[in-house]
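First comes the structure, then the notes that go with it.
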Amino acid sequence: MPAQPYDLDAELARAAEVLRSAHRVTVLTGAGVSAESGVPTFRASDGLWEGHRIEDVATPTGFRKDPELVWRFYNGRRVNVSQVQPNPGHHALVALEDRYGSGFALATQNVDGLHQQAGSKTVFEVHGSLRRTRCTDCERVEDRGLTDLGNRPICAHCGGFLRPDIVWFHEPLPEDTWMSAMRAAQGCEVLLVVGTSAVVYPAAELIPIARRGKSPGATVIECNLDRTAATTQADIGLYGPSGETLPRLVELLR
Ligand code: APR
């Protein structure tokens with residue numbers, strides 16, 4: 001039998017129907033939700049890592065080897081993010097939070113802070129934040145905004161070297177934040193997976209966690225430009241730019 005042609009309108013209608021009867025909704029976002037704001041994604045051909053090997057700029061070993069290169073890279077990202085604005089996809093997720101209130105949570109792999117800038121309140125930043133630094137000696141964490149901090153920023157309290165408060169490859173996620181994200185995935189009726197390739201763990205584990213969650217498990221809605229590693233776990237797929245599909249979904253819910 002020939003496969004049915006993909007019908008975005010029909011998928012949007014199915015997603016709206018599921019969301020209309022839900023009370024607990026969790027969202028997992030990745031770089032794609034910020035793409036239309038002008039923040040490069042990671043694994044696209046014009047990706048952020050171009051010109052830099054991941055090991056050089058996003059691992060503890062890379063930082064030990066060449067902290068100035070790592071800081072140049074992160075200062076560039078900080079300045080980029082200081083110049084962009086949340087897009088309609090971010091704003092649509094704020095509207096969803098308004099609808100579900102305390103039944104809503106958003107776990108993001110993004111470090112750009114654009115969800116909070118748009119007005120999202122319950123946000124679990126499982127990969128840290130570009131705004132924050134952490135002292136490699138006294139461990140003090142500080143919000144330093146999005147300015148260029150120079151090539152070798154030093155802790156004002158103990159004189160130790162600062163690093164970005166970002167979760168690099170081979171590092172554990174911040175425990176409390178991760179536990180909160182897992183609880184939100186376990187307890188939701190609908191998990192919306194937006195703009196992530198779903199290949200980086202443990203963040204991508206939130207999808208099976210939600211599916212196995214409290215009986216009967218969550219309905220998973222994927223919202224992405226393309227099919228991904230999460231597609232086989234999704235019940236509904238909204239394929240297109242999230243800055244367009246999410247506002248349409250919210251409109252259907254009104
Ligand atoms: N709308 C929806 N999805 C989009 C859009 C868009 N406008 N533009 C791109 N995408 C999708 C891509 O199709 C891709 O599936 O966003 C996804 C981006 O994937 P990645 O670049 O791999 O980003 P992400 O999944 O967030 O990466 C996870 O990997 O490098 C680490 O720590 C880093 O948090 C990051 C993690």
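The values are calculated or read from the model by the stated rules, or taken from the named source; none is laboratory data. In this text the structure is predicted, and so the values were computed from the model without any measurement. Please note: Cβ atoms are built from the backbone with ideal geometry, for glycine as well, and neighbour counts cover all protein chains shown.
Every residue, every condition in (1) under 17 Å from E244 (Cβ atoms); (2) more than 21 Å from the chain's Cα centre (by Cα), yes or no:
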site: P5; (1), (2): no, yes
site: V18; (1), (2): no, yes
site: A22; (1), (2): no, yes
site: T29; (1), (2): yes, no
site: V33; (1), (2): yes, no
site: I54; (1), (2): no, no
site: D66; (1), (2): no, yes
site: L69; (1), (2): no, yes
site: R77; (1), (2): no, no
**Fill in**
The condition from (1) within 12 Å of the ligand (Cβ to nearest atom); (2) modelled with pLDDT under 95 that G30 misses is numbered (2)
**Request:** From (1) within 15 Å of the ligand (Cβ to nearest atom); (2) farther than 16 Å from G145 by Cα; (3) hydrophobic (A, V, I, L, M, F, W, C); (4) touching a residue at least 24 places away in the same chain (Cβ under 8 Å), pick out the condition that doesn't hold for L96.
**Result:** (1)
**Request:** Please state which one of T177, T232 is modelled with pLDDT of 95 or more, within 25 Å of G89 (Cα to Cα) and surrounded by fewer than 16 Cβ atoms within 10 Å (Cβ to Cβ).
**Result:** T232
**Message:** Tally up the residues in region 62-79 that are surrounded by fewer than 19 Cβ atoms within 10 Å (Cβ to Cβ) and touching a residue at least 40 places away in the same chain (Cβ under 8 Å), please.
**Reply:** 4
**Prompt:** Could you count how many residues in region 169-191 are out of contact with any His (no Cβ under 9 Å at 6 or more places or on another chain) and within 12 Å of the ligand (Cβ to nearest atom)?
**Reply:** 3
**Message:** So the check is Cβ under 7 Å with 6+ separation or different chains; which pairs have a first residue in region 176-189 that's within 12 Å of R211 (Cα to Cα) and a second one that's at pLDDT below 95 and surrounded by fewer than 19 Cβ atoms within 10 Å (Cβ to Cβ)?
**Reply:** Q186/K214; G187/K214
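Evaluate region 148-164: report whether one residue or more is under 30 Å from V70 (Cα atoms), within 16 Å of the ligand (Cβ to nearest atom) and touching a residue at least 24 places away in the same chain (Cβ under 8 Å).
The answer is yes; a qualifying residue exists.
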**Prompt:** Any residue at all in region 81-91 that is within 20 Å of W168 (Cβ to Cβ) and modelled with pLDDT of 90 or more?
**Reply:** yes
**Message:** So, A218, is that one under 24 Å from V111 (Cα atoms) and either within 13 Å of the ligand (Cβ to nearest atom) or buried (at least 20 other Cβ atoms within 10 Å of the Cβ) (or both) or not?
**Reply:** no
**Fill in**
In the set E251, E244, the lone residue that is surrounded by fewer than 22 Cβ atoms within 10 Å (Cβ to Cβ) and within 13 Å of the ligand (Cβ to nearest atom) is E244
**Asked** Does region 125-147 include one or more residues that are of a type outside the set (S, T, Y), within 15 Å of the ligand (Cβ to nearest atom) and over 23 Å from K65 (Cβ atoms)?
**Response** yes
**Message:** With the condition being under 15 Å from the mean Cα position of the chain (by Cα) and not basic (K, R), I'd like the strands (runs of 3 or more DSSP E) fully within region 182-254 carrying at least 1 qualifying residues.
**Reply:** 190-194, 219-224
